[in-house]
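Okay, structure first, notes after.
A short reminder: the numbers here are calculations on the coordinates, not readings from a lab. Bear in mind the structure is a predicted one, so any value in this text is a computation, not a measurement. All Cβ positions, glycine included, derive from the backbone under ideal geometry; neighbour counts span all protein chains shown.
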Amino acid sequence: MESLTASAVLPNVDGVYNNALPQVSAVVVSHVHQDHLGLAHHVHPSIPVYATEGTWALHDVLQVFVPKPTAVVTRRVLPKRQPVHFGSLAVTAIPVDHSAPDAVALLVEAGGKRLLYSGDLRTHGRKSYLHSDLIRNLAGSINVLLLEGTTIGRINSEPVTEESLEGDLLALLAQQKHLALIFCSSQNLDRLVTIYRAVKRTRKLMVIDLYTAYTLEQLRCLSNHLPQWSWPEVRVVPWGYQQQRLVEAGHSAFLENTKRHWIGWEVMKERKRDIVLLMRSNRKIADFERELGEEVSETQVIWSMWEGYWERDQCVRPFCEKHTIARSKLHTSGHAPLAELQRIAEGLKPELVVPIHTERAEEFSQYFACVRVLADGEVLRI
Ligand SMILES: [Zn+2]
């Protein structure tokens, strides 16, 4: 932890971590992504960490499957759309559209002033309607907007919507000759819904691994529309290493339940044109060479993640190169591009915009009115 604070990976705030006397009432986290919640286990155990129900559900799923669990000790469920009080501060979680489920922005109110922390957000996912709620409810009432700027400095064309990816996938699956391998995050529920809908429309089978099956089951609390392993169009491929993790974590009953929807290599090879297999980039890809032999070059590889991950990929990219497979892309960002960020800021009309979550804070004033760039640790009096 000392090295993490020294390098400012952990913000250097007194009285937050488990190496000093606690001096804060709570830590409130906007969503489950690792650059937000990933180091929260360093928070002092007597300080509660608040996050939404879906965030904790995913946090718990990760504890089952990651090699080194990092559970947050003192956790509280952050309700949505109702204030939680910490002394004279009130914090209200406001749902936003992002690639992590149950993500929120945070409205902080005290002494008649209002600060809005955007968290990570966008307006082109399946919950894009949430941004108009945000603007309608808060327009003109925000003193300070802490606005994320992940995409500032990237090529900022209008993003494709998550819904339009469904049509793109239908077109890809129409050309399917052998297994279709889709590489995507199991935490990106919008994407899983997109894939499920395309699979259902083409009367194929969506094959998920145990991690994805377990994730979706744990997130049923969020929606009845999330595809589940037990649905007729869904099968489970029970990779051994994931079975082992579930057993070790005491979830053998879940494992047993899923058995009636398990699918093996034999059936996958037999129904090769109908199998849409969700994959993650790891050494499992070598199994395909062993199982499919020369036919492996007929598989369809669909990269459904950020392009930056492709550039540094060590498994799928060499696999495609070796077998001369032209991968297809199926992705839209979890973050708002500049034009969306500007629409949000113009809608909210804050007195001050403070850049956060960006490598290009100094560029904000080119694109937004009333920008104030703050250094880490600098105090802003409202
Ligand atoms: Zn995020």
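Tabulated results
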read-out: For the stretch 53-68, Karplus couplings with θ = phi - 60° (6.51, -1.76, 1.60), whole Hz, Gly/Pro x; value: 3, x, 5, 5, 4, 5, 4, 5, 4, 4, 4, 6, 9, 7, x, 10
read-out: Pair-distance profile P(r), taking every C-alpha pair of the stretch 101-144, with 5 angstrom steps and integer %; value: 5, 19, 31, 24, 13, 6, 2, 0
read-out: Gain on full stretching of the segment that runs from E53 to R360 - 0.36 nm per residue minus C-alpha separation; value: 107.3 nm
read-out: Distant-in-sequence amide H partners of R235 (H built 1.01 Å from N, under 5 Å); value: M206, V207, I208
read-out: Karplus 3J(HN,Hα) series, Hz, for the stretch 71-78 with 6.51 cos²θ - 1.76 cosθ + 1.60 (x for Gly, Pro); value: 5, 7, 6, 10, 10, 10, 7, 8
read-out: Gyration tensor (alpha-carbon) shape descriptor, the stretch 190-239, a/c threshold 1.5; value: oblate
read-out: Cα-based shape type of the stretch 149-273, given that a ≥ b ≥ c are square roots of the gyration tensor eigenvalues and the cut on a/c is 1.5; value: oblate
read-out: Candidate lysines for bridging to K68, where Cα separation is under 26 Å - those fewer than 8 sequence places away on the same chain excluded; value: K284
read-out: Unit Cα scatterers, Debye sum, the stretch 1-73: log10 I(q)/I(0) for q = 0.20 Å⁻¹; value: -0.87
read-out: Cross-link partners of K269 among aspartates and glutamates (Cα-Cα below 15 Å; sequence separation of 8 or more within a chain); value: D287, E289, E291, E294, E295, E298
read-out: Chymotrypsin sites (Phe, Trp or Tyr not before Pro) restricted to the stretch 273-341 and DSSP loop, no more than 16 other C-beta within 10 Å; value: W306
read-out: For V72, residues with placed amide H under 5 Å, excluding near neighbours; value: none
read-out: Estimated dipole of the stretch 295-382 in Debye, rounded to 20 [Cβ of Lys and Arg +1, of Asp and Glu -1, Cα centre]; value: 140
read-out: Helix 338-348 axis, angle to the chain major axis (alpha carbon atoms, nearest 10°); value: 40
read-out: Estimated 222 nm signal from helices in the chain, with DSSP H stretches of n ≥ 4 weighted -39500 (n - 2.57), rounded to 500; value: -9000 deg cm²/dmol
read-out: Isotropically averaged projected area of the chain, using the convex hull of Cα atoms (one quarter of hull area), nm²; value: 19.7
